[in-house]
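**Student:** Have a look at this one.
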Amino acid sequence: MYQSAYRNQEYRQQDVMGASPLRLVVMAYDLAIRSCEQKDYVKAVKTIGVLRDALNFDYPEVSTGLFRLYQYCLDCIRRGD
């Protein structure tokens, strides 16, 4: 059992380390969604916070829209929606 969990963790770590930036964003979205479904709001808030903090404001139109979306998601999580 322990070896299986270790291999699974090792696989996930390798998957993250070798992922493209786009794949990392998709993985973060998946984690945030799964966390909300499992009612693990602490993990969901952390994940959305990471997405928000990674925004590149050199592209203000897109990044501002995503920033507002992430803030809305955080507000919904804090309200328990």
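Each reported figure results from applying straightforward, stated rules to the coordinates on display, with no laboratory input. Not measured: the values here are computed from a predicted model. Note that each Cβ is placed from the backbone with ideal geometry, even for glycine, and that neighbours are counted across all protein chains shown.
**Student:** Suppose only helical runs count, i.e. DSSP H with n ≥ 4. What mean residue ellipticity at 222 nm does that imply for the chain under -39500 (n - 2.57) per run, divided by all residues and rounded to the nearest 500 deg cm²/dmol?
**Tutor:** Counting only the DSSP helices, I get -27000 deg cm²/dmol.
**Student:** Can you tell me the orientation of helix 21-37 relative to the chain, as the angle in degrees between its alpha-carbon axis and the longest Cα principal axis, to the nearest 10?
**Tutor:** Rounded to the nearest ten degrees, it is 90.
**Student:** Only Cα pairs within less than 10 Å get springs; with that Gaussian network setup on the chain, which residue of 50, 25, 62 has the largest fluctuation?
**Tutor:** 62
**Student:** Tell me the angle of helix 60-79 to the major Cα principal axis of the chain, expressed in degrees between 0 and 90 and rounded to the nearest ten.
**Tutor:** So the inclination is approximately 70 degrees.
**Student:** To continue, here is another question. Toward the positive end of the charge dipole of the chain, about the Cα centre and with charges on Cβ (Lys, Arg +1; Asp, Glu -1), which of 47, 19, 57 goes farthest?
**Tutor:** 47
**Student:** Exactly which trypsin sites (Lys or Arg not before Pro) in the chain are in a DSSP loop and have at most 13 other Cβ atoms within 10 Å? Spell out each step's value before the answer.
**Tutor:** Working: sites: 7, 12, 23, 34, 39, 43, 46, 52, 68, 78, 79; in loops: 39.
Loop-located and lightly packed - 39.
**Student:** Might you report the magnitude of the Cβ-based charge dipole of the chain about its Cα centre, with Lys and Arg at +1 and Asp and Glu at -1, to the nearest 20 debye? It would help to have the intermediate numbers written out before the result.
**Tutor:** Details: 11 positive and 10 negative charges, 51 e Å.
The dipole of the chain has a size of about 240 debye.
**Student:** Give a quick list of chymotrypsin sites (Phe, Trp or Tyr not before Pro) in region 12-81 that DSSP marks as loop, anything other than H, G, I, E or B, with at most 13 other Cβ atoms within 10 Å. All intermediate terms of the calculation are to be shown ahead of the outcome.
**Tutor:** On the way: sites: 29, 41, 57, 67, 70, 72; in loops: 57.
Passing sites in region 12-81 are 57.
**Student:** By how many degrees, 0 to 90 and rounded to 10, does the Cα axis of helix 2-17 deviate from the longest principal axis of the chain?
**Tutor:** Tilt relative to the chain: about 40 degrees.
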